[in-house]
Amino acid sequence: MTRFFHGAATSTGRVRRVNEDSYLVLPPLFAVADGMGGHDAGEVASAVAVGVLERYARSGPLSVDAVLTALDEANRAVIGNAEAVRMGTTVTGLASLVTPAGSQLMVFNVGDSRVYRLADDHFGQLTVDHSEVQELVLAGAITPEQARTHPRRNIVTRALGSDYVVRPDHWLLPPLPGDRYLICSDGLTGELTDEEILPLLRAGDQQQAAEALVAAADEAGGHDNTTVIVVDVIG
Ligand code: MN
């Protein structure tokens, strides 16, 4: 079984009244959910989704199927929640799997929260945003830098709670000791470029890095809620 050290931090930011992000730090599962919807419904949506994932994290060793089932169940739980008619949430994260082939890491994503990996000197985004601006970037219509300030940057094209069929992306990776994973809501990446994130992610232990990143997002404007989980693979 892969072991981890982890840290986490979240902030409402400087503009929003409520923190609609939720997160889960419960090995073998780490996840960030960014809720959306009027009248604080987003707060409910992200908490409902994370609550379902928490149940699966406590249920024992995870498989790809178990994580996909958890995401499907989380989707139905958000749709079925009676507290608001229109609400949804992103969800992204990292699961440690026990497979016949040995230990594996599964990165999963629905929406525009992100997972990054820092391995030796290579730092990069693993997930692909499900957002209108990502479609425009792929089409070559705008640059990633323009996407960060584009007026439609907050429009997600996939989320839990919008459709009975949820289509999560997932990737399988080897658990390499020394690798550091960053799981974050768009409050971080809306304020900071990847180049600005890297030195803060690299400095200090997991908790120090998580707190420094959230503080930097607030410092840069704090227009949105920001949540950061930092996970180190130990062995
Ligand atoms: Mn957000």
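The values are calculated or read from the model by the stated rules, or taken from the named source; none is laboratory data. Because the structure is predicted, anything quoted here is derived from the model rather than measured. Counting neighbours? That spans all protein chains shown, and the Cβs are built from the backbone with ideal geometry, glycine included. Side chains included, ligands, DNA and RNA excluded: accessible areas come from the protein's heavy atoms. Shrake-Rupley method; radii C 1.70, N 1.55, O 1.52, S 1.80 Å.
The table that follows gives values for the structure above.
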| item | result |
| --- | --- |
| For the stretch 129-172, accessible area per residue (1.4 Å probe, heavy atoms of protein chains only), Å² | 64 |
| Calculated [θ] (222 nm, deg cm²/dmol) that DSSP helices of n ≥ 4 give over the chain, each run adding -39,500 (n - 2.57) | -9500 deg cm²/dmol |
| Check: the chain dipole with +1 on Lys, Arg Cβ and -1 on Asp, Glu Cβ, in debye | 420 |
| Tensor-based shape of the stretch 68-127 (alpha-carbon gyration tensor, a/c under 1.5 rounded, otherwise prolate or oblate) | oblate |
| Per-residue HN-Hα couplings for the stretch 61-72 [Karplus 6.51, -1.76, 1.60; θ = phi - 60°; Hz; x = Gly/Pro] | x, 9, 10, 4, 4, 5, 5, 5, 5, 4, 5, 5 |
| Hydrodynamic radius of the stretch 4-233 per Kirkwood, over alpha carbon pairs, in Å | 17.4 |
| Listed residues Val156, Asn81, Val44: farthest to the positive end of the dipole of the stretch 4-233 (Cβ charges) | Asn81 |
| Accessible area in square angstrom per residue, the stretch 1-74, 1.4 angstrom probe | 45 |
| Three-way shape label, the stretch 1-96, alpha-carbon gyration tensor, a/c 1.5 | oblate |
| Ordering of 148-155, 89-96, 110-117 by packing [mean C-beta count within 10 Å, highest first] | 89-96, 110-117, 148-155 |
| Inter-centroid distance (Cα atoms) of the stretch 12-42 relative to the stretch 62-110, Å | 15 |
| Mean Cα-pair separation over length for the chain, i.e. relative contact order, pairs under 8 Å, 6 or more apart, % | 29 |
| Cα centre as origin, Lys/Arg/Asp/Glu Cβ charges: the stretch 1-95 dipole, Debye | 200 |
| Accessible surface of the chain [probe 1.4 Å, protein heavy atoms]: carbon and sulfur percent | 52 |
| Total charge dipole magnitude, the stretch 108-227, about the Cα centre, Cβ charges on Lys, Arg, Asp, Glu only, Debye to nearest 20 | 340 |
